[in-house]
Amino acid sequence: PTTIHRADYRPPDWLVPEIALEFDLAPAATRVRATLSVTRNGAHDRPLRLDGDALTPLSVTVDGAPVSWEMDGGDLVLALGGDAHSITTEVELSPETNTQLMGLYASGGLLCTQCEAEGFRRITFFPDRPDVLARYSVRMTADKARFPILLANGDPVGSGNLDDGRHWAEWNDPFPKPSYLFALVAGDLVANRSTFVTRSGREVQLGIWVRAADLPKTDHALQALETSMRWDEQVYGREYDLDVFNIVAVDDFNFGAMENKGLNIFNSRYILADPDTATDYDYDGIAAVVAHEYFHNWSGNRVTCRDWFQLSLKEGFTVYRDQSFSADQGSPAVKRIEDVRGLRAAQFPEDAGPLAHPIRPDSYMEISNFYTATIYNKGAEVIRMMATLLGAQKFRAGTDLYFDRFDGTAATCEDFVASMEEAGDTDLSQFRRWYSQAGTPRVTASISHEQGSGRALLTLAQAVPPTPGQPDKAPMVLPLKLRLFGSETGAPLGPERLVVLSDARAEVVFEGVSERPLLSINRGFSAPVIVETDRSAADLAFLSAHDDDPFARYEAMQQLMLDTLVAAVATGRGDHAAVIAAVKNTLTDAKLDHAFIAEAVLLPSESFVGDQMGVVDPDAIFRAREALRRDLGQRLESEWRAAYDATRAGAFAYTPAAKGDRRLKTVALGYIAAGGASDAAHLAFRQFEAADNMTDRQGALVTLTSGTSDERVAALDIFYNRYADNPLVLDKWFQVQALSSRDDALAAVEELARHKDFTLANPNRARALVGAFGVNQRAFHDLSGRGYRFLADQLIALDKLNPQTAAKLLPPLGRWKRFDVARAALMKAELHRILATPGLSKDMFEQASKSLD
Ligand code: B3K
Ligand code: ZN
């Protein structure tokens, strides 16, 4: 496969101001006729090259006359004189055999499309790159009984019946857009409808389209849509711009959802919810993804990306926008904790491994591999840092300028930063290194204090580790929010300060420090870095009780737990006293809300503990962590029971307080079970049976599944039988078992892959079992190498159906450098086996070959 380089960008040779598409739709054979008006872009004599992927032209005409053409690989190449022409091509597609789920495909009786990043070329010949913006008109014809609803981008402009049981519909999108935003859907669908009046009085018809049976599960998504439309007006001054906004839910989808102009297409897991089948986590995910895709209407659609190297321009910014939206709907502190936990679970390992790349990559083989936690989540952190550096008002001035200046164009990350610089009157030249340097910066901080003068001296240093292709790094701009607290009184010693560390080293002086200071640093996680301090266990425990920034309290507790676990792994025996005291303190602090308590008392994940170690020892980490869990469970048993009892009452409500209760309840249940209480399985089973919502039911199931009780088998069976015809809930059944901490988890996963309900053809199901197993650190890294072999077998099979989804699941195999030689050899052997597979996709080749470097 060839490598594409950012430095090679060239504007398109030909532009396509307009395209008219005609679809004669049927699952087995769909005819696509496309008429492109093309214009030469600049003075050159290069031919018109239209991207195609697995297309065969049935006919090609130029200005109405048949011509001869040439194919170059999959592309159609036409030599043209003159500067403007009308090109018509015709192809035939087979949606029902399209297992890649890119282009036009069938899912659960529907026909639908996914074009980002390069799927449009699987539908018709076109310059399939985001800087070619065209006005689309779409005519669809289909059997009326099977496909009564025909949807496309923009506004509906006409429809009618034909005599042969077929019907047609026409849609026009007045906004020029890149091909990756094209969409159509045909199927037997019903809509949950509403009307939204924008702040300037435009009336918009909203519709969430699903199968009739799913209609009762769409209210939450519809409400989230209305809330996000209002939020974007209020917070960013962005208004919706078409007369209709439709969302369609489909069961087979490579990603979460897609922001096609006026016609979002969603993975059904991010639309369908009712209390019986969706957890609070699912509800929150739905609101976040609905908001995310809606926000793309401005950050992505009205202003799009010049090329795919700029992907973070729309994704990092839009994630930042959806994170801010979610923070505004509930507890900002808990939302921040969840986002940082996600960053540490997915992005930090990526940044430390063989697939590390800057948020604006320099090269790729397959762009689908770059829809990563780095582009999305680190990208969002970079936007957040600019907001911190500029302050709210200037940041808003910057986004206004950006939207205003680049509306209707395909822009670059540089355009965004330059808008911030100009509107914020700030120099961001060094800050731009966040776009070019990969790797998570490490900050060391240590503080000294002179009792006599009342001065404290904080010494800061930063280093950015080498990453593939980038051996030497320059210092980054790191906005660090800091505050000092008295080690005796717990009182703040002065206000919070924003220190911008931009050199390799710096010293910061604090005056009037009357007692020994404790350092609260990177408050609110103001910079996406790893901070190392010399704070003792006692100091961290003290901060976990006294810091006034809830995120910093959480961090102090996490650091204390991490230090304790790392020491326990090294020495084989843990000193748990400080953690137990700190957890007790937090758990019994009546001023804290339950959602926060539940987050704060959770131990860091096994893999996050592993990330702190030179060589990861999965078994030792598992033992140390289980020992601490057991000790916490036993020593604080009465506190866990009190918390459990205090949160048990009440019928289901989706409110922040009720969600916090449910979260704490299940965390407490987990600790009661970890402590080995004789009635733990009984308590869990009672919660499982009595639950009037999926959060409680799944929470109990998770606890039971990792245990050895008889109730475990009963609960898994009951759960399976109750939800056997609900694919989204069945995914949970697979996932819970793939994440089990039992000794037989690996064998169970191998067995589940042979279950009659397991299929690699559905991405959600594949992720629920294979994806979840890849993050079950102990089971996956079983010394026998069977976990590695299992993953490689599944990936090789999945690659034949759906390379994009397969390649996404490979990274756990690529982390071999972090493990002992025996495991590393086994992991590398599986990577070699994958690479030796005949017919391997470009997606998998890129991931596997880079993982061996
Ligand atoms: N923009 C889509 C990404 C689809 C990518 C498929 N390879 C979803 C989102 O970020 O909103
Ligand atoms: Zn997005």
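Every read-out reported here was derived from the displayed coordinates using simple, explicitly stated rules and does not represent laboratory data. It should be emphasised that the depicted structure is a prediction, and the values quoted were computed from it without experimental measurement. Don't worry about glycine lacking a Cβ; one is built from the backbone with ideal geometry, like all the others, and counts go over all protein chains shown.
A compact table of results
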{"quantity": "Electrostatic dipole magnitude of the range 1-143 [Cβ: Lys, Arg +1; Asp, Glu -1; Cα centre; debye, to 20]", "calculated": "220"}
{"quantity": "Magnitude of the charge dipole, the chain, Cβ model with Lys/Arg +1 and Asp/Glu -1, debye to 20", "calculated": "1240"}
{"quantity": "Rounded if a/c under 1.5, otherwise prolate or oblate - the range 691-800, Cα gyration tensor axes", "calculated": "oblate"}
{"quantity": "Phi to ³J(HN,Hα) by Karplus 6.51 cos²θ - 1.76 cosθ + 1.60 over the range 542-556, Hz, x for Gly, Pro", "calculated": "5, 5, 5, 9, 10, 4, 8, 9, x, 5, 5, 5, 4, 4, 4"}
{"quantity": "Label-to-label distance, nm, for residues given as ALA627 and ALA822 (7 Å Cα→Cβ offset)", "calculated": "2.0"}
{"quantity": "Cα pair distances exceeding 43 angstrom across the chain, given as percent", "calculated": "32"}
{"quantity": "Difference of contour (0.36 nm per residue) and Cα-Cα distance, ASP143 to ARG442", "calculated": "101.6 nm"}
{"quantity": "Additional length obtainable on full extension of the chain from GLN223 to LEU852, 0.36 nm per residue less Cα span", "calculated": "221.8 nm"}
{"quantity": "For the chain, with +1 on Lys and Arg beta carbons and -1 on Asp and Glu, the positive-most of ALA152, PRO618, ALA411 along the dipole", "calculated": "PRO618"}
{"quantity": "Label-point separation, ASP503 to ASP548 (7 Å along Cα→Cβ), nm", "calculated": "3.1"}
{"quantity": "Estimated vicinal HN-Hα couplings, Hz - the range 219-226 in sequence order (Karplus 6.51, -1.76, 1.60; Gly, Pro = x)", "calculated": "5, 4, 5, 5, 5, 4, 5, 5"}
{"quantity": "FRET efficiency, 1/(1 + (r/R0)^6) with R0 22 Å, evaluated for TYR654 and PHE196 via beta carbons", "calculated": "0.55"}
{"quantity": "Cα gyration tensor category, rounded, prolate or oblate, for the range 304-436 with a/c compared to 1.5", "calculated": "oblate"}
{"quantity": "Kirkwood-based Rg to Rh ratio, the range 723-853, C-alpha trace", "calculated": "0.96"}
{"quantity": "Most positive-pole-ward Cα, HIS357, ALA345, PHE370, against dipole of the range 330-447 from beta carbon charges", "calculated": "ALA345"}
{"quantity": "Full-stretch length increase - THR99, GLN393 - with 0.36 nm per residue and alpha-carbon distance subtracted", "calculated": "101.1 nm"}
{"quantity": "Column: log10 I(q)/I(0), Debye, Cα scatterers of the range 4-276, q = 0.07 Å⁻¹", "calculated": "-0.27"}
{"quantity": "Between the range 614-636 and the range 301-349, the Cα center-to-center distance that results, in Å", "calculated": "32"}
{"quantity": "Cα centroid separation - the range 688-712 against the range 482-522, whole Å", "calculated": "45"}
{"quantity": "FRET E, pair ARG833, ASP13, Förster distance 56 Å, beta-carbon r, rounded to 0.05", "calculated": "0.85"}
{"quantity": "Charge dipole magnitude, Cβ of K and R +1, D and E -1 - the range 304-436, Cα centre, debye nearest 20", "calculated": "380"}
{"quantity": "Amide hydrogen neighbours beyond the local backbone of ARG135, cut-off 5 Å, H modeled", "calculated": "GLU18, ILE19, LYS177"}
{"quantity": "Listed residue (GLY814, GLY73, SER326) projecting farthest to the positive dipole end of the chain, Cβ model", "calculated": "GLY814"}
{"quantity": "Shape category assigned to the range 603-674 from the gyration tensor of Cα positions, a/c cut at 1.5", "calculated": "oblate"}
{"quantity": "Expected 222 nm ellipticity per residue - DSSP helices of 4 or more, -39500 (n - 2.57), all of the chain, to 500", "calculated": "-12000 deg cm²/dmol"}
{"quantity": "Under 5 Å, built H, 5+ apart or other chain: amide partners of VAL250", "calculated": "PHE266, ASN267, SER268"}
{"quantity": "Under DSSP loop assignment and at most 10 Cβ neighbours within 10 Å, longest trypsin sites (Lys or Arg not before Pro)-free interval of the chain", "calculated": "1-572"}
{"quantity": "In order through the range 66-82: 3J(HN,Hα) via Karplus (6.51 cos²θ - 1.76 cosθ + 1.60), integer Hz, x for Gly, Pro", "calculated": "x, 10, 8, 9, 10, 9, 10, x, x, 8, 9, 10, 10, 7, 10, x, x"}
{"quantity": "Mean-position separation - Cα centroids, the range 802-831 and the range 573-610, in angstrom", "calculated": "32"}
{"quantity": "DSSP bridge pairs, the range 4-276: antiparallel proportion in percent, nearest 5", "calculated": "80"}
